[in-house]
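Worksheet for the structure shown next.
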Amino acid sequence: MIIDGKQIAQQEKEAIREQVAALAKQYGRKPCLDVIIVGENPASLSYVRSKIKATEYCGFEGELIQLPEAVSEEELLRVIRERNENEAVDGILVQLPLPKHINEQRVIEAIAPEKDVDGFHPTNVAKLWLNQQCIVPCTPLGIMALLEKSNTVLEGRHAVVVGRSNIVGKPVAKLLLDKQCTVTIAHSRTADLGEVCREADILVVAVGRPQMITGEMVKPGATVIDVGINRTADGKLVGDVDYESVAPVAGAITPVPGGVGPMTIAMLMYNTLQCYNQRMTN
Ligand code: GUN
């Protein structure tokens, strides 16, 4: 089975759009997401455009703030603080990565936790691990939605997460644990990675290495979630999973493109709506 992230994301966005139409009437204003991008990294620009397109589809307000590559950290922090204080803004997203002269962690921590639609602020990270209500990072949320929509059984099963990033690996491992999975976090330095991966009933790959996971590393029938987005020399988009060799072995698999990517954006819309609801009811 191919898990159609594009279609599931579309359903999620339609549901959000309907809720937004009703809520905007009730509260007299629409949710507002401001997206900040620094520099002109083509991949980042492409992601940001998709995010803006989705906000428009969902009926949100919002602004795209494009800052030059050479912008100072101080100026970026000033732009963020201005949005923190602006009552009309519900969500603030700073597209990562940032240029080397800017301290990423300082930028993440400058965003008001209640407007942190990425769920990257230490307050939200801590709350996630303490099982408190919080904003959960978009990609992990999207992965969990794909597992649910594909009716993948999680309770008691072995999930292997390949990758240990703050954005994907670590939070998705926590969410799988909450769903009663036995979780292993592997990574690019794991010895006998193939052996570890072959244990997985659910294999989530977010390691950032093109086509690293091949068919012989996958247990027959496993559900495989490919978070990777890599561009090959000839311009083709490929995942961290070698689709051609893995698809015949897996029970279910997400394609690249059209798997996790669209879900991340749908969950960003979901998180923005959460921030708006929290702010309107507090
Ligand atoms: N860069 C890659 N993924 C993400 C994400 O989920 N959020 C932000 N802000 N930047 C990213």
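Odds and ends about this structure:
- Extension gain from ASN166 to GLU14, taking 0.36 nm per residue of separation minus the Cα-Cα distance: 51.8 nm
- Coupling constants for the range 102-119 follow from the phi torsions by the Karplus curve (6.51 cos²θ - 1.76 cosθ + 1.60, θ = phi - 60°), and in residue order they are 10, 7, 4, 5, 5, 5, 4, 6, 7, 6, 4, x, 6, 10, 7, 5, 7, x Hz; glycine and proline get x.
- For the range 60-144, applying the loop criterion from DSSP together with a ceiling of 13 other beta carbons within 10 Å to the GluC sites (Glu not before Pro) yields GLU69, GLU87.
- Whole-Hz Karplus values for the range 49-57 come out as 4, 5, 5, 5, 4, 5, 4, 5, 4 Hz, taken residue by residue from phi with 6.51 cos²θ - 1.76 cosθ + 1.60 and θ = phi - 60°; glycine and proline positions read x.
- Translational diffusion of the chain, µm² s⁻¹ [Kirkwood Rh, Cα pairs; Stokes-Einstein; 10 °C; 1.306 mPa s]: 82
- Segment GLU63..LYS6, full-extension length gain: 18.1 nm, with 0.36 nm per residue of separation and the alpha-carbon distance subtracted.
- DSSP loop trypsin sites (Lys or Arg not before Pro) with at most 11 other Cβ within 10 Å: longest gap in the chain: 1-99
- Inter-label distance, nm, simple model (7 Å from Cα along the C-beta direction), GLU199/ASN131: 2.5
- For the range 132-205, the list of GluC sites (Glu not before Pro) that fall in a loop by DSSP and count at most 12 other C-beta atoms within 10 angstrom reads GLU155.
- Residue-wise HN-Hα coupling along the range 199-207, computed from phi with Karplus coefficients 6.51, -1.76, 1.60 (Hz; x: Gly, Pro): 7, 7, 7, 10, 10, 10, 10, 9, 10
- For ILE213, nonlocal amide neighbours, meaning residues 5 or more places apart or on other chains whose placed amide H falls under 5 Å from its own, are VAL241, ASP242.
- Interchain or long-range residues, amide H under 5 Å from GLU63's placed H: LEU33, ASP34, VAL35
- Separation of the ASP234 and LYS25 label points, Cα + 7 Å toward Cβ, nm: 5.3
- P(r) histogram, all alpha-carbon pairs of the range 133-270 included - 5 Å bins from 0, percent: 2, 11, 22, 26, 22, 11, 4, 1, 0
- Over 30 Å (Cα to Cα) - which of LYS115/LYS149; LYS30/LYS127; LYS30/LYS149; LYS100/LYS219 fall in this group: LYS100/LYS219
- Here's how it looks for VAL204: its modeled amide H is under 5 Å from those of VAL160, VAL161, VAL162, ILE225, which are all 5 or more places away or on a different chain.
- Each stretch of four or more DSSP H residues adds -39500 (n - 2.57); spread over every residue of the chain, this sum gives -13500 deg cm²/dmol at 222 nm.
- Over all orientations, the range 58-131 has a Cα convex hull whose mean projected area works out to 5.7 square nanometres.
- Taking 0.36 nm per residue of sequence separation and removing the Cα-Cα distance, the LYS149/ARG78 pair yields an extension gain of 21.5 nm.
Each value in this text was obtained by applying a stated rule to the coordinates, not by laboratory testing. Remember, predicted model here, so these are calculated numbers, not experimental data. All Cβ positions, glycine included, derive from the backbone under ideal geometry; neighbour counts span all protein chains shown.
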